[in-house]
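The values are calculated or read from the model by the stated rules, or taken from the named source; none is laboratory data. Note that the structure is predicted; figures quoted are calculated from it, not measured. We place every Cβ from the backbone using ideal geometry, glycine too, and count neighbours over all the protein chains shown. Surface areas here come from the heavy atoms of the whole protein model, side chains and all, with no ligands, DNA or RNA. Shrake-Rupley method; radii C 1.70, N 1.55, O 1.52, S 1.80 Å.
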Amino acid sequence: MENKTFESFGLSNEILTALASLRYRKPTAVQEEVLAPALTKKDIMAQSQTGSGKTAAFGIPLCEQIIWEENKPQALIIVPTRELALQIKEELTNIGRLKRIKVTAVFGKSPFKIQKSELKQKSHIVVGTPGRLLEHLQEGTLKVDKVNSLVLDEADEMLNMGFIDQVEAIIDYLPTDRQTMLFSATMPSEVERLAEFYMKSDRLALSLESKQTKPAIQQSFIKVGDMDKPQLLLNLLTIENPDASIIFCNTKGAVDDLVTFLSKEGITVDKLHGGMDQDDRLAVMSDFRLGKLRYLVATDVAARGIDVDTVTHVINYDVPFEKESFTHRTGRTGRAGRKGLALTMVSDKDTYQWQTVRDYAFDETDELTEVFPPSQRLVSRMQAAFEKKSQSRLTPKAPRNKELNKGITKVYFNGGKKKKLRAIDFVGTLTNIKGVDADDIGIITIQENVTYIEILNGKGSFVISEMQDRTVKGKQLKVRKARK
Ligand code: AMP
């Protein structure tokens, strides 16, 4: 590998500064391969896992090429889950922060009307799940005539979840003169067909899988036989004593039962499954991401979007029903260059399915170690250290964008569209203040009755005090620091 720098791709200063603030010091393998062709608008299909830095691989070129002045969306990203949509929104907002790029996320089970009003405003990039994106297209609330880049992320998952017809229907709305990038952890024939049909014939096909995630994950399995499965898990956790772990079950019921068992044993644990309310799911994800939670018990559906760099252990409490899920589950560890451990518990009834998974996920060169139940003596010996860690408070991690957000103040104005205020009116007023220029203004969100503007470079309080006796387009507005 050539070990390129971000600078060598000729990116603009705004993007380079944002990457440095996010502590992205050098491109990951997938970024090294994807950035240059993506910047020339080439079609790309890449076999690549989550954790490889693929979001930034397509996100950096998208942000670099966005034209701020254009009001209609220029890039569309289709993803299988709302969690992933929100994560991509966050990452792209960070990367594009200094270019003031507005990213809007749309997904089901969330009010259509709010999304509609968000889409009505300037949105440079839209990311969403297939069903809701299609609804917005059918209702005419999402305009795509200026979209010149399409990203299909986790394409194999979208197929597994039965979204393929919706994905194709969405693509039919898009201009044909566009760039298409497709990312997928696995490349089943249906994904190849999708690429064949919707991408240019000179597309670049990259297989990056073996380069990154695989070697970083130490894979092992344990035969459960007739042992008490919850107790065996507890023993395994005791001797492994993970810093952060996701335990996967195949059903909601199994998740609930296991959480009850572990809680009774005095372990602080939370859960994530499709039957939970979306706000609860997001709150749990956020706790886990910030390191407030050491153990998470989850089903596949809910866990697809989990993007936490520091997961040290993935435990398959059940062998997944679908072989592809194995790759997705275990890909939650060994991320961003860290080492991870994956352990699969195999009951007698799972023997056949486990063989299917093994044939699918491993080849001769891959190491897969069989481990055996720990002896009671070993468990007892490790008990004290385990309890100590379980009871120790986790130090919440600083979010990656802390540096980038330093010096940013969100300012509230009590006037918006109803008063016929536009972004340009605010920019005009603000840049009239001595010492404030366009570079100090971040994302502007104009709603019906209110407007939020990010003021950068630590000038928020100054702007608020200056705005107390200035008007916007002749209108005196209440101006204060926004609450959220
Ligand atoms: P993804 O594969 O997009 O889910 O990204 C995995 C994680 O790596 C995310 O948390 C990113 O914030 C992080 N990341 C992406 N690119 C880089 C980079 N060049 N250097 C360090 N971390 C990165």
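Full-extension gain between Q121 and E190, please, as 0.36 nm times their residue separation minus the C-alpha to C-alpha distance.
Numbers: separation 69, 0.36 × 69 = 24.84 nm, distance 3.59 nm.
In short, 21.3 nm is gained.
Zone of S12 (label point 7 Å along Cα→Cβ, backbone N under 15 Å): which residues in region 93-115?
Backbone N within reach: 93-103.
Which residues does the label zone of A216 cover in region 47-86, counting backbone N under 14 Å from a point 7 Å along Cα→Cβ?
Taking a point 7 Å out along Cα→Cβ of A216, the residues of region 47-86 whose backbone N falls under 14 Å are 48-57.
What aspartates and glutamates could a cross-link reach from K419, if we take a straight Cα to Cα line under 16 Å and drop same-chain neighbours fewer than 8 places away?
Straight-distance partners of K419: E448.
Quick one: in region 142-222, what % of C-alpha pairs are over 16 Å apart?
Details: 1885 of 3240 pairs.
Everything past 16 Å amounts to 58 percent.
Can you give the alpha-carbon Rg of region 132-171 over 2.2 N^0.38 Å, where N counts its residues?
1.22
Can you tell me the order of 450-456, 420-426 when each peptide is scored by its average per-residue count of other Cβ atoms within 10 angstrom, highest first?
Numbers: 450-456: 21.1, 420-426: 16.7.
The densest-packed peptide leads the list: 450-456, 420-426.
Under a 1.4 Å probe, what is the accessible area of the chain per residue, stated in Å²?
Each residue of the chain exposes 45 Å² on average to a 1.4 Å probe.
Regarding region 350-436, what are the three Cα extents along the principal axes, ordered largest first, in Å?
72, 39, 27
With 12 Å as the cut-off, how large is the P(r) tail for region 284-323, expressed as percent of Cα-Cα pairs? Please list the in-between numbers first.
Numbers: 488 of 780 pairs.
Counting every Cα pair in region 284-323, those more than 12 Å apart make up 63 percent.
Report the semi-axes of the equivalent ellipsoid for the chain in whole Å, largest first, where each axis is √(5λ) for an eigenvalue λ of the Cα gyration tensor.
Gyration-tensor ellipsoid for the chain: 42, 27, 21 Å.
Given a 1.4 Å probe and every protein chain left where it sits, what share in percent of the accessible area of the chain is carbon and sulfur?
Numbers: 10890 of 21850 Å².
Heavy-atom surface of the chain belonging to carbon and sulfur, 1.4 Å probe: 50 percent.
In a solvent-free Debye calculation with one equal scatterer on each Cα, what is log10 I(q)/I(0) for region 381-484 at q = 0.15, 0.23, 0.24 Å⁻¹, listed in the order of the q values?
Each listed q maps to, in turn, -0.62, -1.21, -1.29.
Please enumerate, by chain and number, the lysines with C-alpha under 22 Å from the C-alpha of K389, excluding those fewer than 8 residues away in the same chain.
K264, K271, K292, K339, K397
Run the count for region 94-224, please: Lys pairs, Cα-Cα under 24 angstrom, 8 or more apart or on different chains.
Value for region 94-224: 26.
Could you tell me what fraction of 2.2 N^0.38 Å the Cα radius of gyration of region 246-292 comes to, as a two-decimal ratio?
Here the Cα radius of gyration is 1.13 times the empirical estimate.
Can you give the three extents of the C-alpha atoms in region 1-144 along their principal axes, from longest to shortest, in whole Å?
Principal extents (Cα only, largest first): 47, 32, 26 Å.
Tell me, what is the Rg over Rh of region 245-365, with Rh the Kirkwood radius over Cα pairs?
For region 245-365, the value is 0.96.
Over all Cα pairs of region 302-378, how is the pair count split among 5 Å bins, expressed in % and running from 0 up to the last occupied bin?
3, 13, 23, 25, 19, 12, 5, 1
For the chain, what does the helix formula give at 222 nm: sum of -39500 (n - 2.57) over DSSP H segments with n ≥ 4, over the residue count, nearest 500 deg cm²/dmol? Intermediate values should be presented prior to the final figure.
Working: 20 runs with 192 residues, N = 484.
So the calculated ellipticity at 222 nm is -11500 deg cm²/dmol.
Once the other residues with Cβ under 10 Å from the Cβ of P374 are scored (Lys, Arg +1; Asp, Glu -1), what is the net sum?
Net charge around P374: +1.
Just grab the label-to-label distance for E387 and R483, each label 7 Å out from Cα along the Cβ direction, in nm (one decimal).
Simple spin-label model gives 4.5 nm for this pair.
Answer with one residue from L234, T312, I217: the one whose Cα lies farthest towards the positive end of the charge dipole of region 202-321, charges on Cβ with Lys, Arg +1 and Asp, Glu -1.
The one lying farthest along the dipole's positive direction is I217.
Could you give the length gained on full extension between R422 and T5, defined as 0.36 nm per residue of separation minus the Cα-Cα distance, in nm?
Here the segment from R422 to T5 would lengthen by 146.2 nm.
Calculate one ³J(HN,Hα) per residue across region 115-125 by plugging θ = phi - 60° into the Karplus curve 6.51 cos²θ - 1.76 cosθ + 1.60, and present them in order as whole Hz with x for glycine and proline.
Once θ is set to phi - 60°, the couplings for region 115-125 become 5, 4, 6, 5, 5, 5, 7, 4, 10, 7, 10 Hz.
Among S245, F183, V147, which residue has its Cα positioned farthest towards the positive end of the charge dipole of region 104-249, with +1 placed on the Cβ of Lys and Arg, -1 on the Cβ of Asp and Glu, and the dipole taken about the Cα centre?
Toward the positive end, the furthest listed residue is V147.
Testing the spin-label approximation: label points 7 Å from Cα along Cα→Cβ at D309 and S286. State their distance in nm.
Each label point lies 7 Å from its Cα, and together they span 2.1 nm.
Given Cβ point charges of +1 (Lys, Arg) and -1 (Asp, Glu) and nothing else, what value in debye, to the nearest 20, does the dipole of region 81-125 about its Cα centre take?
Roughly 280 debye, rounded to the nearest 20.
Give me the orientation-averaged projected area of the Cα convex hull of region 33-73, in nm², one decimal.
For region 33-73, averaging the hull's shadow over all directions gives 3.4 nm².
Modelling each spin label as a point 7 Å along the Cα-to-Cβ direction, I'd like the T251/I239 distance in nm, to one decimal.
3.0 nm
Which pairs, out of K410/K475; K418/K475; K402/K481; K89/K420, put more than 22 Å between their alpha-carbon atoms? If you can, show how the numbers build up before the last one.
Values: K410/K475 20 Å; K418/K475 12 Å; K402/K481 18 Å; K89/K420 28 Å.
With Cα atoms farther than 22 Å apart: K89/K420.
Can you give the three extents of the C-alpha atoms in region 226-311 along their principal axes, from longest to shortest, in whole Å?
For region 226-311, the Cα spread along each principal axis is 36, 25, 20 Å.
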